[in-house]
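Asks: Submitted below is the structure of interest, expressed as structure tokens.
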Amino acid sequence: MITIRPTTAPPLVDDSVPFSHPSAAHQPNGAPRADEWIRIRHARQYSLAYPVGFIVIAVRHYAAYGSNLDPARMRAYCPYSPMIGTGWLEGWRLTFAGEDILGWEGSVTTIVESPGDRVFVALYDVHPNDEKQLDEVEGALAGTYQKLHLRVATLDGEATAWVYVFNGYEGGLPTAWYLAEIANAAAKAGAPEDYLQELRSRPTKTAMP
């Protein structure tokens, strides 16, 4: 859990999220409403800001390594969970799994521990109203994926975030279109070129489009 404190001079506010005064920004149970979480754009990341003297808010971080690297995809079902930056999962490797178990056309992304390797991730501040939706989309509610809390290395230091890891063994190949989707999402998040080249060169079940 990372604590965001009130700021005295907030930077530029993202106008796509309407401002709601704190006195009118809580649900009956006392929880913040979704529109209370104001997106603030810093030079390289988003954060959350409140009027001076307002409450201190805990922020949950999610590290995406697959198709959710694409900020537009995340906004489609988690509209109040902005991307705050990127980083690396050190000692982990991006791989694929689930083809034989799930009966899908190809394998899906997961990560496994692998000393010396690393996985590029996008970090999101996940609003409580979005977390259950994200768990459902990522298969955590069905038990297909499990949530692990890991350390993410960023330019500003380490951050703790959760990831979704496939609940089974790695193995199998992804389809060409699925691998292309992952690579394109990584490019949109700002992954370095050598990472993208390695990802796009991986074998698939069908010819690349």
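The values are calculated or read from the model by the stated rules, or taken from the named source; none is laboratory data. Since the structure is predicted, the reported quantities are computational estimates derived from the model, not experimental observations. Note that we place each Cβ from the backbone using ideal geometry, even for glycine, and neighbour counts take in every protein chain shown.
Asks: Kindly indicate whether Gln133 is on the phi < 0 side of the Ramachandran plot, surrounded by fewer than 21 Cβ atoms within 10 Å (Cβ to Cβ) and without any contact (Cβ under 8 Å) to a residue 24 or more places away in the chain.
Replies: no
Each row is one residue, and each column tells you yes or no for (1) in contact with a strand residue (DSSP E or B) (Cβ under 6 Å, 6 or more places away or on another chain); (2) closer than 17 Å to Met83 by Cβ; (3) buried (at least 18 other Cβ atoms within 10 Å of the Cβ).
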position: Glu158; (1), (2), (3): yes, no, no
position: Ala161; (1), (2), (3): yes, yes, yes
position: Tyr164; (1), (2), (3): yes, yes, yes
position: Glu170; (1), (2), (3): yes, no, no
position: Ala176; (1), (2), (3): no, no, no
position: Leu179; (1), (2), (3): no, no, yes
position: Ala185; (1), (2), (3): no, yes, yes
position: Lys188; (1), (2), (3): no, yes, no
position: Lys205; (1), (2), (3): no, no, no
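Asks: Which helices (runs of 4 or more DSSP H) does region 119-209 wholly contain that include 1 or more residues that are in contact with a Ser or Thr (Cβ under 8 Å, 6 or more places away or on another chain)?
Replies: 128-137, 176-189
Asks: A further question on this structure: What number of residues within region 169-187 satisfy the criterion of being of a type in the set (D, E, K, R) and under 18 Å from the mean Cα position of the chain (by Cα)?
Replies: Total satisfying the criteria: 1.
Asks: Another question about this same structure. Just one of Val126, Val112, Val137 is under 15 Å from Tyr62 (Cβ atoms) and modelled with pLDDT of 95 or more; which is it?
Replies: Only one candidate qualifies: Val126.
Asks: Out of (1) touching a Ser or Thr at 6+ places or on another chain (Cβ under 8 Å); (2) farther than 25 Å from Pro192 by Cβ; (3) assigned to a strand (DSSP E or B), what's the single condition that is false for Glu105?
Replies: Of everything listed in (1) touching a Ser or Thr at 6+ places or on another chain (Cβ under 8 Å); (2) farther than 25 Å from Pro192 by Cβ; (3) assigned to a strand (DSSP E or B), Glu105 misses just condition (3).
Asks: May I ask you to list the residues in region 183-206 that are touching a helix residue (DSSP H, G or I) at 6+ places or on another chain (Cβ under 6 Å) and either at positive phi or touching a residue at least 60 places away in the same chain (Cβ under 8 Å) (or both)?
Replies: The answer is Ala185, Ala186, Ala189, Leu199, Thr204.
Asks: Give just the number: which of (1) at pLDDT 50 or above; (2) surrounded by 15 or more Cβ atoms within 10 Å (Cβ to Cβ); (3) more than 26 Å from Thr206 (Cα to Cα) does Ser67 not satisfy?
Replies: For Ser67, the exception is condition (3).
Asks: Okay, moving on. Given (1) more than 21 Å from Pro174 (Cβ to Cβ); (2) at pLDDT below 95; (3) in contact with a Phe, Trp or Tyr (Cβ under 7 Å, 6 or more places away or on another chain), where does Tyr62 come up short, assuming only one miss?
Replies: For Tyr62, the exception is condition (2).
Asks: Now a separate question. Do we have Asp117 as crowded, with 19+ Cβ neighbours inside 10 Å, touching a strand residue (DSSP E or B) at 6+ places or on another chain (Cβ under 7 Å) and not basic (Lys, Arg) here?
Replies: When the stated conditions are applied, Asp117 does not pass them.
Asks: Of all residues in region 129-178, which are among the hydroxyl-bearing types (Ser, Thr, Tyr) and within 25 Å of Glu99 (Cβ to Cβ)?
Replies: Thr144, Tyr145, Tyr164, Tyr169, Thr175, Tyr178
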